[in-house]
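First the structure, in the form of structure tokens, and then the observations on it.
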Amino acid sequence: MVAIVDPARLLERRPSAQVERPSCVFELRDVSVLYSGKAALKGISLDIQARLITAIIGPSGCGKSTFIRCLNRMNDLIPGAKVRGTILYHGQDLYAAEVDPVEVRRRIGMVFQKPNPFPKSIFDNVAFGPRVLGLREDLGARVERALRQAALWEEVKDRLDASALTLSGGQQQRLCIARCLAVEPEVILMDEPASALDPIATAAIEDLMHELKREYTIVIVTHNMQQAARVADMTAFFSVDVGPEGERAGILVEYDRTEKIFTQPADPRTEGYVTGRFG
Amino acid sequence: MRATLQEELDRLEEALQEEAELVLRSLRGAIAVLTEQDLELADEIIAFDDEVDRAYLALEQDVEELLARQTPVARDLRLVLASLHVNLHLERAADLCVTMCKLAKLVASSPADPAVVASFREMGERAETMLRVAMQALAGRDVAGAESLVEMDELIDRANRRLVGRILDLGSDPDRREWGLRMLVISRCLERIGDHAVDIGEQTAYLVTGELREFTDASHPGSEDE
């Protein structure tokens, strides 16, 4: 039997709190990156929202890594690299003369494809950033908090003085994430963070990302489309544009909610890529 | 690229079209049973349903394996999901043919009514055409063809309503009333096959456009564009 319910009562059950509007962390407008005068990436405009996971997918050479390196000025470190266009971080020009790139990289941390712990103890790896920044108060508590957030604490709490190099690949990668978290960033950039890991370690990293997005904004580059489908809220598909003289540059083809990209992509190039029929 | 996935999707579509051919054979047989009172044929059609069931189960298994091994997305995923629905609609249509044959056997001793027989022939032919159009539209990714099923369905519905009026006029003789009731169920079966064809059409529209929508809204009649 279907009970007749007063529609007004059904309405009462709805949560009364307003849904919080996601705020913008990055606003990119017509961003291009040139290496020695040649465009590696051109005309990128998109917004990245706070406390979401944004995945960047696309074929090799489409400028995925170049793209996320723009977001914490890592490209500054590459001789001959030039970033054009506007990148706003909370409304402020990330590339303005008065902006300190070291402070940028503290707030916007990065995790790389290959785990790269320092040849130091587990503790010293995590404490490295805070020490450099002079955050020496309660260092032990800070290290523990970062290791807990990186879901590594239980596995290493009894051997914090052991060399980081004794950890497995998956543990090393979570250590690198803890190292990044220890300086309390707002954004975590991840460049293929699981591609050197086995499926179990990959699942641990993906679970961790899911936990971290409560507090952090995450941008991940991945060539694993199923990983993007599993973890990301928003997905940007980049591709390679070939110019009239054969010059190749990465472009943004489509940017939308992940479920849209994987069920009803608007652009045939996206459809071709996600269905594996990229020609 | 992804040759295995494409081959498996092609096979899935072929299997659906083959299953539809089996259902159409059942339907043509059932119409012959109703219009020619061929009871031997009725038993054959009832037994033949096992073949449709086998095709249905094989297709379900293929879909399960394809999802597990190929993880299709976007249009590929929509084709797989649509296949599951179409598979079920075809199997149900075949079941309705069995129901009609069983009812035909139950009323075999009563004299046939020429007007009722004519009505079954008309509805049966319309239902057959609708299934055909539905499967062609699916194969051709033809949304307009799929949408044309709505108008065709209206004609079956009208024939069904006319038959209801005729049966209500039968009077109070209990035997005739029982016969009439069974005729109504048969008429309803034919009308339902038309509905399944429309539902297959909706899956075609979903496959092509990515948008799931009912062609007609039965719970809010008159609210759609006229």
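Annotations
- Among (1) surrounded by fewer than 16 Cβ atoms within 10 Å (Cβ to Cβ); (2) over 30 Å from A:THR270 (Cβ atoms), the one test that B:VAL98 misses: (1)
- With respect to (1) closer than 20 Å to A:GLY109 by Cβ; (2) without any contact (Cβ under 8 Å) to a residue 12 or more places away in the chain, the lone exception for A:ALA203 is condition (1).
- Residue check for B:VAL133: farther than 22 Å from B:VAL23 by Cβ and of a type outside the set (Asp, Glu): no
- Residue check for A:VAL219: without any contact (Cβ under 8 Å) to a residue 24 or more places away in the chain, under 26 Å from A:TYR35 (Cα atoms) and away from chain B (no Cβ under 14 Å): no
- Within the option set B:ALA55, B:ALA15, B:ALA82, being at pLDDT 95 or above, surrounded by 15 or more Cβ atoms within 10 Å (Cβ to Cβ), within 14 Å of chain A (Cβ to nearest Cβ) and under 30 Å from B:GLU125 (Cβ atoms) holds for one residue only, B:ALA82.
- Residue in the stretch A:176-186 that is of a type outside the set (Lys, Arg), surrounded by fewer than 19 Cβ atoms within 10 Å (Cβ to Cβ) and in a helix (DSSP H, G or I) present: no
- Screening the candidates B:GLU91, B:GLU64 for the property of being of a type in the set (Asp, Glu) and either closer than 30 Å to A:ARG230 by Cβ or out of contact with any Asp or Glu (no Cβ under 8 Å at 6 or more places or on another chain) (or both) yields one hit, B:GLU64.
The values are calculated or read from the model by the stated rules, or taken from the named source; none is laboratory data. On a predicted model such as this, the values are computed, not experimentally measured, just so you know. Methodologically, a virtual Cβ is constructed for each residue, glycine included, from the backbone with ideal geometry; neighbour enumeration extends over all protein chains shown.
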